[in-house]
Amino acid sequence: MSTAAKLLEAMRRNPLDWRIEQLQTVARQHGLSARCDGGSHHVFAHPGIPDVLSVPAHRPIKPLYVRQFVALVDKVKESQA
């Protein structure tokens, strides 16, 4: 199991105390683009999914955003299956 897969499973179990770098690792593994245009938010998107997720880069990231990120990754996985 890759590091990104382990991180994703850990995010599912406990959405508390995550950093933006960890979300970026999971995003890269699943083909999500992560952009930060100099502001305080990172935007995660995938070309095959119309949904876009904006996550504040403050530490720690609130559980609400981690759950939304996991849901976005799940949508990407479903679209590729």
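Quick note: the coordinates plus some simple rules give every number you see, no bench work behind them. No experiment lies behind these values; they were computed from the predicted model shown. Positions of Cβ are generated from backbone atoms using ideal geometry, with glycine treated the same way; all protein chains shown enter the neighbour counts.
Summary of computed values
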| item | result |
| --- | --- |
| Net charge contributed by nearby residues that have their C-beta within less than 11 Å of GLN29 (K/R +1, D/E -1) | +3 |
| Net +/- balance of residues flanking LEU8 in space, Cβ distance below 11 Å, scoring K and R +1, D and E -1 | +2 |
| Stretchable slack from LYS77 to SER54, in nm (0.36 nm times residue separation minus alpha-carbon distance) | 6.4 nm |
| Environment charge of HIS46, counting only residues whose C-beta is closer than 15 Å and scoring Lys/Arg +1, Asp/Glu -1 | +1 |
| Gain upon complete extension [ARG12, SER33; 0.36 nm per residue less C-alpha separation] | 5.5 nm |
| The chain - convex hull of the alpha-carbon atoms, volume per residue in Å³ | 83 Å³ |
| Centre separation in Å (Cα based) which lies between the stretch 1-15 and the stretch 34-71 | 16 Å |
